[in-house]
Structure formats: C-alpha cells, structure tokens
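All remarks here apply to the structure that follows.
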Amino acid sequence: MKLSEPSDLVAAERPLSVALPGRDTAFVHSAPLARLVDVIVAAGGRPVAVGGAVRDHLLGLAAKDVDVEVSGLTLADLERALEAAGCAVHAVGRSFGVLKVEVSAGSEREVVDVSLPRTESKAGRGHKGFVVQSDPHLPFAKAAARRDFTLNAIGIDLRTGALLDPWGGIKDLERGLLRHVSDAFDEDPLRVLRAAQFAARFGLDVDEATLQRCRSLRAELRTLPKERVGEEVKKLLVKGIWPSVGLCFLRQAGVVEELFPELQALVGCEQEQEWHPEGDVWTHTLLVTDEAARLSRARAVDVDEAFVVVLAALCHDLGKPATTEREGGRIRSRDHEAQGEAPTRSFLDRLGVAHDVVDAVVALVRDHLKPFQFWRDRQTVQDGAVRRLALRVPIDRLTLVASADHFGRTTPEALARDDVASSWLLERARSLSVKDAAPQALLQGRDLLARGLTPGREFGAILKAAFEAQLDGTFGDKASADLWLETHLRETSKA
C-alpha cells in the first residue's frame with residue numbers, strides 16, 4: 001500500500017526501512033522464564049517464545065509478557081510437569097490449550113502464558129466465533145499460520161536461541177511492511193483494527209493484498225463490541241508513534257466511512273488557506289494527532305493522560321463540518337469549538353469510552369482555542385478568566401492540545417515550532433497557582449456554620465458569591481476570605 005498524499009505529509013519523518021538490532025543479540029531470559037524453560041525441556045517439550053515479545057526483541061525494544069508455545073507435550077503432561085516443579089498453574093484458557101503459569105526463581109516471580117500449538121476454524125461471525133483445536137505435534141509453521149501478521153508469526157526456540165521465521169516476518173519488518181500470514185486472516189475482523197494500530201506504532205506500510213482483505217472485512221467490524229473497537233483505537237493513539245499512519249489506513253480500508261461518520265465528515269472540509277495551508281480538516285487533524293502523541297511522549301505523561309490528550313486532538317475540530325461556510329471570500333468556522341461537543345460524544349460512544357474520559361475530552365474540544373484567544377487579548381484578559389478556565393479544564397492538559405493544534409499546520413510559525421500562546425498561558429497560570437490544579441474555594445460551609453448561619457438556600461448563594469469574588473482576585477488567602485465574609489454578612493444584614 002503506497003501512502004496517499006495526506007499520509008506523505010504527516011508521516012514524512014518515517015524511516016524507509018526498519019532496523020532490527022535484536023536480530024543478532026540473544027533473547028534475554030528472566031530468571032523465572034529460564035526456570036520455566038528448564039522444566040519444559042526436562043519433561044520432553046520444546047518451548048518457543050512467540051508473538052509480540054519476539055517482534056519487540058528484534059526491534060530492540062524491551063520484550064514484555066513473553067508467551068511460550070510448547071510442542072511435544074499434551075496439555076495434561078505439561079500441566080503435571082509444571083505442578084511437579086512447584087509452578088502455580090491457572091487453567092484460565094484450558095479449553096483453548098492455554099495455561100497461565102506462575103513461576104518463581106529466588107525473589108523473582110513472573111506469570112507466563114503457556115500454550116500448545118493450535119489450529120482455529122471459523123464457526124460464527126465476529127471476534128469470538130472460533131473452534132480451537134490444540135495439537136502438541138503441529139509443526140511451528142502451521143501453528144504460526146493462524147497468526148495475524150508475519151511480524152507476529154516469528155518464534156525463538158528458547159533452548160537454542162534459534163529464530164523460527166517460516167512466513168518471512170523478519171524480511172517484512174526490515175522493509176517496513178505489514179503483511180497478513182494466510183487466509184485465516186479473513187476469519188477475524190478485529191485484525192483490520194490491529195493492522196491500523198501496528199501501522200501507527202511502527203510506521204509500517206500495509207501490503208496491498210492485506211489492504212484488500214481488510215476492505216472486504218469492514219462491514220463485519222459492526223459485529224464487534226464497541227469496547228473491542230475502542231481498545232484497538234486506544235492502542236493506535238497511545239502506542240502509535242505516527243497515529244496518522246493508522247488513521248490513514250483506516251480510511252483507505254473503508255473503516256472510517258463504515259464506522260466513524262464524524263471522522264469521515266472531516267475529509268474535504270475546507271479551511272482558510274492563511275491559517276491552514278496544509279489542506280482540509282482531515283489532513284490538519286492527522287497532523288495534530290501526531291503532534292499530540294509526540295508532545296505526550298516529550299512530557300512523559302502516563303498512558304491514561306496521553307489517551308485523553310491524543311483523543312482530544314483527534315476530536316478537536318469535529319465541529320467544523322457543521323459550521324464551515326464562505327463569508328466575504330474567506331472560509332469561517334464560527335463556534336466550531338462548542339458545536340464539536342455533540343459529534344465528539346457521538347464518536348466516543350462508538351468506541352465505548354468511559355464517561356469520565358468523554359467529559360475530559362469534551363472540555364478540551366470546547367476550549368481548545370482559549371490559549372490563542374487569551375494570548376491575542378492578553379492586554380485585557382483578567383486573572384479571573386484564567387482561574388475560571390482552570391476550573392473547566394486542566395491548564396497543562398489544555399496547552400498540550402493547543403500546542404498540537406498549532407504545530408499541526410504548515411504555517412511559518414508552526415514549522416518554526418513557535419507557540420507563544422501556550423507558553424504565555426502556562427506562565428500566567430503558574431503565577432496564579434492554577435497551572436497544576438483548579439482553584440479551590442477558601443470559604444466552605446463550615447465557615448458559615450461557625451458564624452451561626454443555618455443551612456439553607458442562602459448558604460449556597462453566599463458560597464457562590466464568595467467563590468466568584470475569590471476567582472476575581474478580591475481575596476486570595478483564608479484571612480482575607482474571612483474578612484470578606486464578615487463584610488459581606490454585615491452589608492447583607494443592613495439590606
């Protein structure tokens with residue numbers, strides 16, 4: 001699959017080939033994994049590391065959650081050998097030929113998924129409609145044929161360290177190519193979304209034949225629970241070095257049109273050339289999403305925070321299709337921030353996103369222009385406006401999204417990596433002590449009780465007036481707050 005024009009723009013920094021530093025280095029065994037291998041070999045089995053841990057090892061990444069496939073032993077013989085060696089065996093996936101094994105070695109403890117080679121056959125629609133048959137004597141090549149992509153069909157013999165690559169996954173990795181393994185790919189529509197997230201994570205082109213298979217599966221994606229769709233989209237956004245590459249693939253595979261009309265509406269939606277020389281809203285959104293991922297990595301935010309930020313970047317202009325119009329020879333999208341709330345909620349509902357995350361993203365969508373607007377009007381913006389903004393959305397988080405929005409253009413200022421607006425707002429918020437947290441009310445109900453007031457409607461009115469005064473800077477510490485309250489109560493009693 002050759003990249004389309006928007007992808008060429010957003011993924012211009014992708015390498016043309018992928019280095020494999022782990023190809024000539026030994027696969028590192030943790031102490032528990034080494035003990036597990038010894039137990040399996042002693043029982044007459046052949047342990048092979050499979051899946052993502054092998055791929056990551058080849059890429060020079062930390063190999064986590066090693067899965068081990070064991071041939072030469074029945075499941076019962078394997079389980080007996082493990083238990084005899086003192087390993088705790090949890091047969092969570094016994095019907096699929098999978099054991100979850102807890103192995104200890106000295107002070108170290110590790111839980112490893114251990115499975116038998118198996119075949120799968122389609123028995124129904126969707127992601128779970130499979131009949132699984134384990135076979136301890138199935139050759140590795142046949143067992144690997146059920147895997148999704150060649151880069152995930154590589155094994156490492158844990159006895160000898162030999163690489164097992166019957167489907168050419170190493171060569172595909174080196175070429176930066178994502179290619180399906182076999183016809184079994186067509187049996188699981190979830191693999192279309194996995195293709196997108198792998199393309200985004202590793203900057204891969206998708207093989208043309210694989211793209212065609214994904215296109216043929218797009219309608220069946222509707223059989224998947226929305227939470228499973230959301231999980232793969234989250235990986236695309238949070239783990240993706242180039243989320244745009246995965247998003248472009250989803251569009252080319254017809255998935256955006258099939259599942260996400262809110263994103264499809266961005267395609268071809270015009271923007272004013274002066275502010276957006278990069279092109280339509282879709283292209284701008286791809287750039288912004290990549291920038292949000294980059295900035296999140298640079299600030300080392302955690303996974304949950306990165307999800308909110310990058311998701312907000314993806315959604316920030318969803319209000320433009322409904323608000324864009326030509327006026328006086330210019331293209332305007334007035335109030336697109338507020339109008340973006342409805343399509344954002346609709347889109348996130350399709351992904352099964354948690355309600356608290358939805359609310360956090362919507363807040364960012366509604367206020368994503370505020371850093372620029374406040375900086376533009378900095379001579380007249382009052383401290384109270386900044387404090388009230390901090391009540392609606394975390395300033396640190398907002399400036400991440402605003403910077404991504406700014407850098408996700410091809411204007412001279414954006415290309416120069418100059419975002420004076422976000423820097424100004426961060427400094428202003430820091431000076432007001434609201435950069436890292438929203439302002440907290442200095443006066444509470446207990447203060448009114450201490451002055452003999454009885455709880456009731458008046459309580460709320462006084463506390464609201466006090467907080468508004470605090471936000472406006474009338475007082476900024478508890479002593480001043482108490483003085484304000486005393487004065488307020490005296491004046492209201494006279495009235």
3J(HN,Hα) from dihedral phi, region 232-237, Karplus parametrisation 6.51/-1.76/1.60, rounded to Hz, x for glycine, proline: 6, 5, 4, 4, 4, 7
Anchor Lys226: aspartates and glutamates whose Cα lies under 14 Å away (excluding residues fewer than 8 positions away in-chain): Glu258, Asp349
Relative contact order for region 18-175, counting Cα pairs under 8 Å that sit 6 or more residues apart, in percent: 24 percent
Two-decimal log10 I(q)/I(0) for region 79-120, as the Debye equation yields it once each C-alpha is a single scatterer, q = 0.17, 0.21, 0.24, 0.33 Å⁻¹: -0.46, -0.65, -0.80, -1.17
³J(HN,Hα) computed for each position of region 398-411 - Karplus, 6.51 cos²θ - 1.76 cosθ + 1.60, integer Hz, glycine/proline x: 4, 5, 4, 5, 5, 5, 4, 4, 5, 6, x, 9, 10, 6
Too-long pairs where the Cα-Cα distance tops 30 Å, listed order kept, from Lys235/Lys320; Lys142/Lys235; Lys239/Lys435; Lys370/Lys494: Lys370/Lys494
Cross-link partners of Lys64 among aspartates and glutamates (Cα-Cα below 13 Å; sequence separation of 8 or more within a chain): Asp56, Glu110, Asp113
Sorted peptide list for 396-402, 72-78, 26-32, criterion being average Cβ within 10 angstrom, highest first: 396-402, 72-78, 26-32
Percentage relative contact order, the chain, counting C-alpha pairs under 8 Å, at least six apart: 10 percent
Neighbour net charge for Lys142 - beta-carbon separation under 14 angstrom, K R +1, D E -1: -1
Straight-distance crosslink candidates among lysines, where the alpha carbon sits under 19 Å from Lys478 and sequence neighbours closer than 8 are dropped: Lys464
D (Stokes-Einstein, µm²/s), Kirkwood Cα radius, region 445-494, 1.002 mPa s at 20 °C: 193 µm²/s
Protection proxy ranking, peptides 189-198, 109-118, average beta carbon neighbours within 10 Å, highest first: 189-198, 109-118
Shape call, region 272-439: gyration tensor on alpha carbons, a/c limit 1.5: rounded
Principal axis dimensions, largest first and in whole angstrom, of region 176-259 by Cα: 28, 27, 20
Total charge dipole magnitude, the chain, about the Cα centre, Cβ charges on Lys, Arg, Asp, Glu only, Debye to nearest 20: 500 debye
Region 18-175: equivalent-ellipsoid semi-axes (sqrt of 5 x gyration tensor eigenvalues, Cα, Å): 23, 22, 13
Long-range HN-HN contacts of Leu99 with modeled amide H, under 5 Å: Val114, Ser115
Pairwise Cα inverse-distance average, inverted: Kirkwood Rh of the chain (Å): 26.0 Å
In degrees, nearest ten, helix 355-367 long axis to first principal axis of the chain (Cα): 50 degrees
Rounded to 5, the percent of DSSP beta bridges in the chain classed as antiparallel: 85 percent
Net charge, Asp377 excluded, C-beta distance under 13 Å - Lys, Arg +1, Asp, Glu -1: +4
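Here, each number is a calculation from the coordinates, and none is a lab measurement. Quantities reported herein were computed from a predicted structural model and do not represent experimental measurements. No Cβ is skipped: glycine too gets one built from the backbone with ideal geometry, and neighbour counts run over all protein chains shown.
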